[in-house]
Amino acid sequence: MGSSLMTGLAWGGSAFLSWAVARETDPDRWLSAFFAAGGALAGVILLGNPHFLLLLWILLALRYVNRTTGLAPGVLDWIGMCGILLWLGFSTHWTIPLLAFLTVFFAGLRRLPSALRIGLPLLLLAATVTYGLLQAWHFTIPALNNAEILVIAGVPLAVLPVIVSYRRTSSVGDQTGTPLTAYRLQWAIAWAVVAALVLTLSGTAKVADIAPLWSALAGSALGWALNAVSRRTRHSSSP
C-alpha cells in the first residue's frame, strides 16, 4: 500500500508541476497546461520520478520573473528561493545559482531593501564561484539516446513561436487583475528553455529528471500550434 501511495503521489506531483510550469510559460492558452500534464504523466510512468525540488525551484523562478500573481516577490519570498537554490547548487550542480542570477533583475529588486538589492546578485555569483570550485567546475555532456536528442533539439525550436507570440498578452495577474507585461513573459519562456538546455547538457539533470519541464515547454508549443490552426480555420470559414 505504501509503495502504491508513493507512486500515485509521484504521478500526481509530476502532472501538477508540469501543468503549473506550462501555466507560466503559456498563460494565454489554457490547453497548453493540459497537454503538459498529460506528457508529464506519461514521462513519469515510462522514465521514473523527476527531481521534484529542482522543478519546484524552476516554477518559483518563472513566477518571480513573469509575475503571474500580479505582484513582485517580497523579502520572505526571496529568502525561501535562496534557501532552495543554495541547497541545490551545493547538492546538485554549480550551474543552478548561475541560472538563478539571470532571473534576479526581472524579479522586482527595486521594492527590496538596498542591502538585498546589492547583496542578492552578489550572493548568487559568490555561490556559483564557490560551488564551482568545490565541484572542480564539473561540466560533462551526457551520452544521449535518440529520443533525448530529439527532445533537446526539437522542443526549443518548437517554443520559438510561443516566445514571439507574447509581443502582446491577454492574461492578467491572479491577485491583482492587472495585465501581465509581455516582455516579462517572453523572458520567462526563454529562460525556461535555457535552463532546460543547461541542466541537461551540463550533466546536472537527466531528461527524465526534468521531464515535466520539457513536457511544459512541449505543451506550450502544441497549445500555440492548435490555437494558430483554430484561428486560420475560423478565418477561412468566415464570409
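Just so you know, all these numbers are worked out from the coordinates, no wet-lab data involved. In this text the structure is predicted, and so the values were computed from the model without any measurement. Ideal geometry is used to build each Cβ from the backbone, glycine not excepted, and the neighbour counts take in all protein chains shown.
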Next item on the list: Give the residue, chosen from SER215, SER230, SER170, that is more than 18 Å from TRP19 (Cβ to Cβ), polar (S, T, N, Q) and assigned to a helix (DSSP H, G or I).
Entry: SER230
Note to self: Looking only at residues that are within 18 Å of THR95 (Cβ to Cβ) and either touching a Pro at 6+ places or on another chain (Cβ under 8 Å) or small (Gly, Ala, Ser) (or both) in the range 126-154, which one is surrounded by the most Cβ atoms within 10 Å (Cβ to Cβ)?
What the structure shows: TYR131
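Please pick out the residue among VAL193, VAL164 that is over 30 Å from THR140 (Cα atoms), in a helix (DSSP H, G or I) and free of Cβ contacts under 8 Å to residues at least 60 places away in the same chain.
Just one listed residue meets the conditions, VAL164.
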Notebook entry, point to check: Residues in the range 198-205: is at least one part of a helix (DSSP H, G or I) and exposed (fewer than 13 other Cβ atoms within 10 Å of the Cβ)?
Noted result: no
Item checked: Residues (aliphatic (A, V, I, L, M), in a helix (DSSP H, G or I) and without any contact (Cβ under 8 Å) to a residue 12 or more places away in the chain) located in the range 1-41 -> LEU5, MET6, LEU9
Item checked: Exclusive hit being in contact with a Phe, Trp or Tyr (Cβ under 7 Å, 6 or more places away or on another chain) and on the phi < 0 side of the Ramachandran plot, set GLN175, GLN186 -> GLN186
Margin query: Tell me whether the range 60-82 contains one or more residues that are surrounded by fewer than 22 Cβ atoms within 10 Å (Cβ to Cβ), in contact (Cβ under 8 Å) with a residue 24 or more places away in the chain, β-branched (Val, Ile, Thr) and part of a helix (DSSP H, G or I).
Written below: yes
Check: Here are VAL193, VAL198: which of them is within 17 Å of ALA20 (Cα to Cα) and of a type in the set (Val, Ile, Thr)?
Finding: VAL193
Next item on the list: Give the range 83-99 a look and list any residue that's touching a helix residue (DSSP H, G or I) at 6+ places or on another chain (Cβ under 7 Å) and assigned to a helix (DSSP H, G or I), or say none.
Entry: ILE84, LEU85, LEU86, LEU88, GLY89, PHE90, THR95, ILE96, PRO97, LEU98, LEU99
